[in-house]
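Q: Please see the structure below; I have some questions.
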């Protein structure tokens, strides 16, 4: 992402010093409330960004002052011996995605974002340094396959097809969001509330499939069709939203929450599972199947959940709504395509 585009996501605010001081104490670019099992109900409607009323500036510089935690010897001992001997875990992921996931800092060199923070935090528990790198989305899988890297941490959704080759340790919900102007009074509880609305969505995305399915169901029930609009990039979506050409933008929850918090011009009025109504999708650390590393990651993630540092990272990037109660090893994933 260019410096110009990145800065377009951020507006200044006097709240930044206090907000970050508190939090720091503690596909495509990706596949885009928690329960005791670690997953939420398939849809959560009507949740409005708490930070949306006031613009918040996030730390986009190379000096991140990340949340850290101490090594846990019993968990670190479960890391494969080769990685322990090396003392470094090699982590790959996408680069250039929209904030707050994984993107370049203002120096256009340093990778930052929630996914980077999680990689460092989980590695702390395992007593490992992080060797961070970036690649195109599909190449990240190839790098894991070849052993060039140990883990892929970059908004990766658990799927049944991927589970045939990889293990997963979950750490975030895969959630989609409906974003509207902050002064727009309408609310959404289910797909029927979108009937007759002008909604933008990314072409070829999972959220487009969900929106099209909803529209077909609405029409079959005699409701007004959703007027689905497409634009080239996120800047175009938000220009259309601010000008009133569209009434909502249906996209990844992290970027919607980030945009709402950093501009104070929009709000999230509904969140939905990225897997559709039948299943709550989950984001996870991806490792090569059967090497034991995912088990170590699962325990490390659960330790950070228990000691509160995990929540601090979520809060730092305004992603509290995507938190899980516990990390799970290889949970049920998105079903395989039927065709």
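The values are calculated or read from the model by the stated rules, or taken from the named source; none is laboratory data. Quick caveat: nothing in here was measured; it's all calculated off a predicted structure. All Cβ positions, glycine included, derive from the backbone under ideal geometry; neighbour counts span all protein chains shown.
Q: With at pLDDT 95 or above and more than 11 Å from residue 170 (Cα to Cα) as the only criterion, which of 318, 302, 307 stands out?
A: 307
Q: Suppose we keep only residues that are in a helix (DSSP H, G or I) and in the same structural domain as residue 122 (by the TED database) within segment 160-206. Which one would you say is modelled with the lowest pLDDT? Before you say what the answer is, go through the steps one by one.
A: First pass over segment 160-206, keeping only residues in a helix (DSSP H, G or I): 162-164, 191-194, 206.
Going one step further and asking which of them are in the same structural domain as residue 122 (by the TED database), we end up with 162-164.
Numbers: 162: 92, 163: 96, 164: 97.
That would be 162.
Q: Got at least one residue in segment 39-52 being at pLDDT below 85, more than 30 Å from residue 183 (Cβ to Cβ) and either out of contact with any strand residue (DSSP E or B) (no Cβ under 9 Å at 6 or more places or on another chain) or surrounded by 18 or more Cβ atoms within 10 Å (Cβ to Cβ) (or both)?
A: Yes; the residues of segment 39-52 include at least one that is at pLDDT below 85, more than 30 Å from residue 183 (Cβ to Cβ) and either out of contact with any strand residue (DSSP E or B) (no Cβ under 9 Å at 6 or more places or on another chain) or surrounded by 18 or more Cβ atoms within 10 Å (Cβ to Cβ) (or both).
Q: Out of the strands (runs of 3 or more DSSP E) lying entirely within segment 240-339, which hold 1 or more residues that are touching a strand residue (DSSP E or B) at 6+ places or on another chain (Cβ under 7 Å) and closer than 21 Å to residue 226 by Cβ?
A: It comes to 248-252, 266-273.
Q: How many of the residues in segment 276-292 are within 21 Å of residue 154 (Cβ to Cβ) and surrounded by fewer than 24 Cβ atoms within 10 Å (Cβ to Cβ)?
A: Here the count works out to 3.
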